[in-house]
Structure formats: structure tokens, C-alpha cells
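The values are calculated or read from the model by the stated rules, or taken from the named source; none is laboratory data. Here the structure is a predicted model, which means the values were calculated and not measured. Every residue, glycine as well, gets a Cβ built from its backbone with ideal geometry; the counts of neighbours run over all protein chains shown. Protein only, heavy atoms only, side chains kept; ligands, DNA and RNA dropped before computing areas. Shrake-Rupley method; radii C 1.70, N 1.55, O 1.52, S 1.80 Å.
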Amino acid sequence: MKLKKDIVTKDIIKEIARDISTYMLDIKLSDEITLIDKEFTRVEKRDSDIVFINGADKIVHIEIQNDHHTLMHLRMLRYYCDIQFEYPKHDITQYMIYIGKKPCYMKNKIEKENLTYKYDIIDIRDIACDELLYHNNPSAVALSILCDFKDKQIVVNTILKRIKELVGEDSKRYKNYWEKVTILSTNRDLEQNVKKGANHKYTNLSVQKLNELKKELG
């Protein structure tokens, strides 16, 4: 399952890249990051998720994986080579964020004669999802849609409700975050839940439901 980047602007993708890096990967970002336009790289043919330049000579590559791929380590190496070929002077850091429900067993390194390669795997279940959902920054709240949860509609409703609470009457900001949630929802097959949750009558959760949700995520 891949981010449907064709349905949103590059600015939104850049914001998502910054948010994931800040709230999930704890990466120190420069004041400005440059999203790599994959129309000019072989990476486009490989359909990678997010690649951006951080600072003068750093590149960050983030993959979001919903299910297991037996040869993921080889796929990531292929991405690495494609990116490095286009940017030979840059240092590349790669992350695969696994959002599947089953335990993650994919390899994250290759060790052979004359070849040593490694990338980082982040299992979403190791991230405190309740901290994202109840964070005071709406960007962190939007990312919580990638977490592992059972009651999909209640969680989606709560995400939208929390964002609305945090941005107040600023409809432009709300639309921006709604677009973030929408594109991230494609990695969880939650597009219809987001559409349904956008209707106010679905976001009026009771205190009991909210407490149940916190217990489930906690």
C-alpha cells in the first residue's frame, strides 16, 4: 500500500515528511527540507514513498509498509542505489515504517562478502499511539492514523475531532490536516472511514467511548 501522492500537493507531502521525521523518527531537521522530484530520478519507477534532502548533504528515505515483503532488504538496497546514483555526494538514511498487524519479521540488513548494508525498521506498535493521538500538535494527531487499533471508525472520528479542537475555527488549517489524514489513511484502507468521520454527526463521541479508546490504545 503506497501513499497516493498524486491526490495532494507537494507541500502537503513535504509536511508529512517533516511530521513523520519529527514525531516518529526523532530526526533533527534543517530549517528547510527539499522533496526530491522523482520525475527526474529512477526512484519513481521503483515507487518509493518519501525521499527528501535534509540540509546540505543529507537525504532521508522513508518507506511505509503495510504488509510483509520477503525481499524488502533487497528492495531497500535497490532504492538506496537509485538515490545514491543521482546524489553521489549525499549521505542517505533509510527508514521503513511497518504498520502491519502481524509481527514484523522482515530483514533490515545484508551481509555478504564485500557488501554490508543496513536500514532501520520502525514498527508502529513500538510507538506510543496514544501520545500521538492526544498530542497538542495537530500534525502528531494526524500521524496517529497509521497506528494499530481495532475500532477504526471511533479512532478516525477522534483524530478528526482532536484536530478540530486544536485548530479551532481556522478552516484552512483544518483542510490542510484533513488532507494529511486522507493521504495517510490510504496506508490503512481507511479512506471511507475518513469520509464518514468528516461528517460532524460521526465525531460526537461520548465520554465512555473516548475512555474505551484511550484504554485500547494505552
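General observations
- Single residue of segment 175-215 satisfying the filter (hydroxyl-bearing (Ser, Thr, Tyr) and open to solvent by less than 50 Å² (accessible area, probe 1.4 Å)) that is modelled with the highest pLDDT: 177
- Residues (in a helix (DSSP H, G or I), free of Cβ contacts under 8 Å to residues at least 24 places away in the same chain and either surrounded by fewer than 17 Cβ atoms within 10 Å (Cβ to Cβ) or β-branched (Val, Ile, Thr) (or both)) located in segment 143-174: 165, 171, 172
- First in segment 21-36 and within 14 Å of residue 124 (Cα to Cα), second anywhere and part of a loop (DSSP other than H, G, I, E, B) and open to solvent by 60 Å² or more (accessible area, probe 1.4 Å), Cβ under 9 Å, 6 or more apart: 21/28; 23/135
- Candidate set from segment 44-94 (those that are of a type in the set (Ser, Thr, Tyr) and either in a loop (DSSP other than H, G, I, E, B) or open to solvent by 10 Å² or more (accessible area, probe 1.4 Å) (or both)); member that is farthest from residue 121 (Cα to Cα): 87
- Filtered by the rule that a residue be at pLDDT below 90 and assigned to a helix (DSSP H, G or I), segment 98-141 gives 124, 125, 126, 129, 130, 131.
- Subset of segment 122-142 (residues that are touching a residue at least 12 places away in the same chain (Cβ under 8 Å), under 25 Å from residue 54 (Cβ atoms), open to solvent by less than 50 Å² (accessible area, probe 1.4 Å) and not polar (S, T, N, Q)): 122, 123, 124, 127, 132, 138, 140, 141, 142
- Residues that are in contact (Cβ under 8 Å) with a residue 12 or more places away in the chain and in contact with an Asp or Glu (Cβ under 8 Å, 6 or more places away or on another chain) do occur in segment 181-188.
- Applying a threshold of 6 Å to beta carbon distances and a minimum spacing of six or more residues, or different chains, the list of pairs starting in segment 67-79 at a residue that is within 17 Å of residue 93 (Cβ to Cβ) and ending at one that is outside any helix (DSSP H, G or I) and of a type in the set (Val, Ile, Thr) reads 73/110.
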